[in-house]
Structure formats: C-alpha cells, structure tokens
Amino acid sequence: MTPDTLRAHLLAWYDAQARDLAWRAGPKAGWRQDPYKVWLSEVMLQQTTVPHATPYFLKFTARWPTVSDLAAAPDEEVMAAWAGLGYYARARNLLKCARAVAQDHDGVFPDTEEGLRALPGLGPYTAAAVAAIAFDRPANVVDGNVERVMSRLYAVEAPLPDSKPELKALAADLVRDDRPGDWAQALMDLGATVCRPKSPLCERCPVSEACAGLATGAPETYPRKTKKAERPRRYGVAYLLTRGDQIALVRRPPKGLLGGMLALPTSDWRDRPWGAAEAVAAAPAVLDWRSAGEIEHVFTHFSLTLTVLRAEGAADEVIWSPRRDLDGLPSVFLKAAKAGLTSLL
DNA sequence: TAGCCGTGGGC
DNA sequence: TGCCCAAGGCT
C-alpha cells in the first residue's frame, strides 16, 4: 500500500469515526477551530486522559472564554482551578503563555509551528498539534499514539525511547499539505480507539492491510520498550491543624513538586518512616497532636506514605481556609485532609 | 540528557 | 496489590 493510499484510508475512516470531543469545533472538515481552545485542550491532555481532562476544559472555557480572560486571571485562581489535574508546571506555564499571547501578540496566537514553539509550555508536540489543528499547517504531530501506530505499522524493533527519532521520521513521511489538521487527529484517534496499547482492534483498523506489526502476528507487542526503574517509597507527615471551622494551609514554593499549589503543612518526605515523637517535633506549632490516619499516594517517580496528625489551635504563617472549601488542593492533600477530618479523635 | 513532574482508571 | 498507561515539557 502506498503512503497516499494509506492516508486516504485513514482520512476516510476519520471522516466517519472521529470522536466527539469537547474541544472539537464540529464534525465537518475545514471548520475553523478556536486556537485558544485547541491550545488549552492540548496542554490539558499532556500525559492526561480525555475523561480526566474534559471537565477541566469545560470549566476553564466557561470561566475564561478567551486567552486574554485567562491572562487577566489571578495566579491563585488558575492554580486552584487546575488542582487535581496534576503536573502543575503545566498550569504555571499556561498562565505564562496566556500572558505572553495577550501582551506580546495582541491576544492572537502565532499561526506557525515555529512561533508557537517559542511560547512557554509548548514543546515539539504541542506546537505541532496547534499549528496543524488550529491553523492547518503541515506539521508532524507526534505523540504517544502516533509513536505506537508507527511502531506497529512498520514493526519497529528498536525499543522506546531510543526509537523516538526513527518513529518521528516515519510519521513525517506521511504528512502532506492536504488536510494536515485532520491527518494529525485521525492518527491520534486511531491510536486511542483502535490501535490501543493493549488489545488493539485490528479487525476495525482501516490500514490493517498495510500493517507490518499485524503481519508478525503480535501487533500488541509494539512498541518495544526498555524496562523502567522501580519506584522508591518515601514517608512523610501531614499536619491537619484546625481552628473551629477552618483549616491551616500553606502555599508551596513556586518550583518543584506541587509547586505553587495550596497544601497541608508537612514534614520532609524521606526514605524511612517517622516515629511518633519526631513527627510531633517537626510540627508547625507546639500543640496536642494526635494520630489521625495514614494515606498512600503514588507520584510519577516515588510512592508516598503520609501519616496524618491532627490538632486544634493556632500557628504562624498559615492560610486559614474553610474546611468545606478544599477544592483548590492537589489530590494528595485532599486525600490526607479527608482522612484526617473523618478520623475519630 | 536523563531525571523530575500528578492523577485516576484498567487489569 | 502493583504495574501500566494517557494528546509531554522543562531543566
């Protein structure tokens, strides 16, 4: 099958099977997409599933309908709205990018891959995706879906991540000036719904006839991957300090893990458990701290066991917040706060 | 450049 | 339960 025939099959499949996603302007090819919505959705979808990102996309676009609206929003509001979506550097860069577009580009997104690539938070993938989807530029849009599709289509034996350049080159050979935005989305839709990581639905694939991976009899074994390092465990203490109907929160430093987010006060997170006495000694105030549970949380590169201690009283340099308004907390602290608040004292 | 950076769902 | 995975970017 020639590359152009392969393209024709996949584009025809896309015309019939395109997913109905919140950020897609409409079902007809050629509909003008709003660059702001394309960009916002692409950033939210970085390493994030469609079901998880969708409610956040709807919330953001309802609250901040244009990039200039978002640019004018206070940092704390945007960070709180992002809480639960993870990878919080994305939210910090989202704001930086919105403000750069508002201030340096008169509120209009650059319409070239190169111009987009210069904005904060837009790497090779996102710049190409926005260029293709919003501006119909013939960009080579390569994400995890495309890498998987290419690795199967051509039965690439080299393992990821070393094979990334090869997979990108294979994808580039299929990009044309004709319908580049639809082509990018067709490839990603195929990867998400048919050429899935596990149990691919090859019988429904519009290009199975051309697939070398299927011909091997084990398409699901592609892409090959090098083994990952195991995840270490860390231990910490979270302090649930209440004052009547309020709870003490802190703002984490702007960079690093959960940077810029509201949080419960915590001890250091180290590689051995905390004893009761040292946990109390590390508390933000001298109070009658009592055990209030324990939670488990998994981050990308370590697992965390968080012991929750609870006390009633006062402390310096904390942000008092209503107990019932914990929506702005990252999931790990929401989990710890709920565990502590529901524990019997 | 390789390590850092969240979360929730599936199996 | 533990592991894998999802439309990556930054430093």
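All of the numbers you see were taken from the coordinates with simple rules; none came from a lab. Keep in mind that what you see is a predicted model, and the values were worked out from it rather than measured. All Cβ positions, glycine included, derive from the backbone under ideal geometry; neighbour counts span all protein chains shown.
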Query raised in the report: For the stretch A:263-326, what number results from the quotient of the Cα radius of gyration and 2.2 N^0.38 Å?
Result: 1.21
Report task. First obtain the Kirkwood hydrodynamic radius of chain A from its Cα pairs, then insert it into the Stokes-Einstein equation at 25 °C and 0.890 mPa s, and state the resulting D in µm² per second as a whole number. Result -> 108
Query - When each of A:Lys37/A:Lys198; A:Lys198/A:Lys228; A:Lys37/A:Lys59 is checked by Cα-Cα distance, pairs over 20 Å - result: A:Lys37/A:Lys198
Report task. Compute the relative contact order of chain A as a whole-number percentage, counting only Cα pairs closer than 8 Å that sit 6 or more residues apart in sequence. Result -> 16
Query - Quarter of the Cα convex hull surface for the stretch A:15-136, i.e. its orientation-mean projected area (nm²) - result: 7.1
Query raised in the report: Among A:227-234, A:214-221, how do they line up from the highest to the lowest mean number of other beta-carbon atoms within 10 Å?
Result: A:214-221, A:227-234
**Report entry** Virtual paramagnetic centre 7 Å along Cα→Cβ of A:Phe302, amide N under 18 Å, in the stretch A:195-236
**Finding:** A:229-236
Report task. Once every Cα of the stretch A:233-342 carries one equal point scatterer and solvent is ignored, give the base-10 log of I(q)/I(0) from the Debye formula at q = 0.23 Å⁻¹, two decimals. Result -> -1.45
Query raised in the report: Per-residue ellipticity at 222 nm for chain A, helices alone: DSSP H runs ≥ 4 residues times -39500 (n - 2.57), over residue total, nearest 500 deg cm²/dmol?
Result: -12000 deg cm²/dmol
Report summary line: Reduced to Cα centres, the span from the stretch A:93-120 to the stretch A:280-345 in Å works out to 38
